Amino acid sequence: MTTLIPILGDQLSHNLASLRAADKASSIILMMEVWEEATYVKHHKQKIALIFSAMRHFADELRADGWQVDYTKLDDAENAGSFSGEVARAVERHSPDVIRVVEAGEWRVQQKIEEWPDKFPCDVDVLSDDRFLATQREFADWAEGRKALTMEHFYREMRKKTGLLMEPDQKPAGGKWNYDADNREKLEGALFVPPRPRFEPDTITSEVLKLVEARFGTHFGALTPFEWPVTREEALKAADAFFAERIENFGPYQDAMVFGSDDLYHSMLSTSINIGLLDPLELCERAEVAYREGRAPLNSVEGFIRQIIGWREYVRGFYWYFAPGLAEANELEATRALPDFFWTGETDMRCLSDCVRSTKENAHAHHIQRLMVLGNFCLLAGINPRDVQDWYLAVYADAFEWVELPNVAGMILYADGGKLATKPIAASGNYINKMSDYCGDCRYKVAKKTGEDACPFNALYWHFMDRHRERLKSNHRIGRIYATWDRMGEEKQAEYIASADKFLDSLEPAREGWARAIEGEN
Ligand code: FAD
Ligand code: DLZ
Ligand code: SF4
């Protein structure tokens with residue numbers, strides 16, 4: 001009885017359900033570098049390098065552990081170019097009795113897997129991905145019949161389920177579930193931020209870097225320096241450094257932004273978690289130990305755990321609950337094209353140019369940059385959700401649709417009509433100025449509301465509120481701001497609208513071919 005076990009590029013976990021269930025002697029592991037996955041959007045070069053290198057390292061680890069691994073490299077002459085094509089070839093080679101695969105992270109890929117029973121002359125066994133703490137069914141059961149899918153409520157369920165930061169009497173550690181109110185400090189320049197560990201490319205990574213340069217040269221972003229962890233061992237070193245040096249300040253400075261500083265106190269572990277090198281629960285347990293041993297304050301540890309068993313689990317459940325419709329949602333009827341500066345970084349808006357620079361150089365930007373600078377801009381400027389989704393999916397090394405899409409369609413764009421966020425998360429330049437040092441040296445003046453040198457976020461904010469008044473005025477979390485708008489009077493209002501219109505008219509739409517290949521390009 002031969003079992004074929006396909007392992008996808010984000011399933012690089014030694015405790016993967018399909019490996020746990022298998023017998024080494026009668027199993028063949030199949031790993032596939034395929035053109036379709038590398039180009040369904042034109043991923044950042046570092047993202048492709050990360051996945052190929054981590055896949056090759058993982059295959060070697062499995063072999064060393066006694067598994068039989070059948071690995072297709074991108075440039076192998078017979079490479080069929082897609083998961084289904086490669087599985088078909090492997091079925092011919094090995095004549096398995098059963099294909100055992102862990103469900104895909106993305107709806108797009110899962111649809112293909114569901115065609116396999118009809119395509120192949122063997123059984124297909126699809127296992128639940130139990131690296132997530134909540135199954136899709138559990139989320140659906142929780143969501144069913146609720147008026148609002150409030151993350152905080154889901155998070156509390158997850159705290160109870162895992163026992164993380166819970167006292168024996170089932171009360172939350174410290175007496176409160178959520179310490180977010182303590183986590184909003186601006187980071188003044190004098191504070192020293194310990195640099196995260198960076199990992200030199202070894203022979204495998206160097207070979208992959210050459211391949212990526214040769215085959216994906218037109219994709220966005222810098223390929224080098226390439227410093228991501230590509231093995232579990234490296235990822236554990238990255239986690240060790242975070243728990244030793246940065247978690248203490250993770251909470252307070254979670255929302256801070258500093259020009260030219262890309263990591264701050266963030267863990268920088270999302271790539272390792274998402275491709276399977278690190279287990280989300282093990283990280284949360286380590287965070288809790290840091291708190292229990294007095295090495296990190298509760299607000300930092302609770303904040304970190306909430307991001308993972310709260311937000312990360314919640315968006316994953318949310319994605320599958322609403323798939324595939326979420327990708328098409330456009331509640332605010334946003335139609336504007338993404339501006340070209342999202343790809344080039346060429347804008348005088350200092351906050352945006354710094355966030356795009358970090359994205360280009362690192363295939364990473366931290367959460368508040370993705371949310372309150374880049375995302376806020378897309379919301380206020382009315383950029384169409386498809387362009388925004390493609391951009392976020394392509395440019396970040398940690399981007400997979402299950403996590404990117406709810407954050408984009410739900411959290412930043414309100415395209416889902418408020419299923420994820422109860423109101424659009426919109427802010428003027430004042431918020432960015434409060435949380436960062438971006439504005440001081442910007443060519444725009446954050447305190448100026450309208451006119452040539454005024455911060456564009458200010459007029460865009462009111463333009464957004466005004467154009468969505470009918471939809472938003474009855475939202476109890478936002479409706480009150482219309483009293484402020486009305487008090488301004490018609491003349492001031494007209495200045496805001498004219499200022500924003502002028503700015504919007506000046507935006508250069510992105511040229512074709514950044515996110516998706518243009519016809520004839522390969
Ligand atoms: P930390 O700040 O150290 O946070 C710890 C961990 O919490 C992260 O590693 C991540 O696993 C989890 N986390 C934090 N916030 C979120 C969130 N909103 N949703 C899910 N998990 C979260 N994260 C991705 O992993 N992939 C994406 O494609 C992605 N796209 C995003 C798009 C937008 C518009 C926004 C606003 C956020 C997005 N995020 C995404 C969430 C978040 O920005 C990243 O997880 C984070 O920046 C990764 O850096 P870090 O590991 O240093 O995170
Ligand atoms: C993102 C990605 C890329 C760029 N390339 C591959 C690949 O060649 N082979 C592979 O197995 N996985 C790749 N991935 C990750 C997949 O897109 C990811 O596993 C699915 O999206 C999950 O549904
Ligand atoms: Fe950004 Fe406005 Fe501040 Fe310039 S002034 S950095 S555009 S928020």
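The values are calculated or read from the model by the stated rules, or taken from the named source; none is laboratory data. In this text, all values refer to a predicted model and were calculated from it rather than measured experimentally. Note: ideal-geometry Cβ built from the backbone for every residue, glycine included; neighbour counts use all protein chains shown.
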Original post:
Out of the stretch 429-448, which residues are free of Cβ contacts under 8 Å to residues at least 60 places away in the same chain, within 8 Å of ligand 3 (Cβ to nearest atom) and either in the same structural domain as residue 315 (by TED's automatic domain parsing) or not in a helix (DSSP H, G or I) (or both)?
Top reply: 445, 446
**OP:** Return the residue satisfying two criteria in turn: it lies in the stretch 401-418 and is in contact with a helix residue (DSSP H, G or I) (Cβ under 6 Å, 6 or more places away or on another chain) and not in a helix (DSSP H, G or I), and of such residues it is surrounded by the most Cβ atoms within 10 Å (Cβ to Cβ).
**Re:** 415
Subject >> Of the criteria (1) under 29 Å from residue 60 (Cβ atoms); (2) surrounded by fewer than 18 Cβ atoms within 10 Å (Cβ to Cβ), which one residue 196 fails >> reply: (2)
Original post:
touching a strand residue (DSSP E or B) at 6+ places or on another chain (Cβ under 7 Å) and either assigned to a loop (DSSP other than H, G, I, E, B) or assigned by TED's automatic domain parsing to the domain that holds residue 362 (or both) - does that describe any residue in the stretch 282-294?
Top reply: no
Subject >> Residue list for the stretch 199-224, filter: surrounded by 15 or more Cβ atoms within 10 Å (Cβ to Cβ) and among the basic types (Lys, Arg) >> reply: 215
**OP:** State all residues of the stretch 374-393 that are within 10 Å of ligand 1 (Cβ to nearest atom) and out of contact with any Pro (no Cβ under 9 Å at 6 or more places or on another chain); if no residue qualifies, say none.
**Re:** 374, 375, 376, 388, 389, 391, 392, 393
Subject >> Among residues of the stretch 232-254, those that are part of a helix (DSSP H, G or I) and more than 10 Å from ligand 1 (Cβ to nearest atom), counted >> reply: 14
Original post:
Taking the condition more than 16 Å from ligand 3 (Cβ to nearest atom) and either more than 20 Å from residue 116 (Cβ to Cβ) or among the charged types (D, E, K, R) (or both), does residue 90 pass?
Top reply: no
**OP:** Can you work out which of the residues in the stretch 18-47 that are of a type in the set (Gly, Ala, Ser) and under 19 Å from residue 2 (Cβ atoms) is nearest to ligand 1 (Cβ to nearest atom)?
**Re:** 18
**OP:** Name every residue in the stretch 264-281 that is in a helix (DSSP H, G or I), more than 8 Å from ligand 1 (Cβ to nearest atom) and not small (Gly, Ala, Ser), in order of residue number.
**Re:** 275, 281
**OP:** Working only within the stretch 317-373, note down all residues that are crowded, with 17+ Cβ neighbours inside 10 Å, of a type in the set (A, V, I, L, M) and more than 16 Å from ligand 2 (Cβ to nearest atom).
**Re:** 329, 332, 334, 338, 349, 352, 356, 365, 368, 371, 372, 373
**OP:** Give the residue, chosen from 498, 459, that is in contact (Cβ under 8 Å) with a residue 24 or more places away in the chain and buried (at least 17 other Cβ atoms within 10 Å of the Cβ).
**Re:** 459
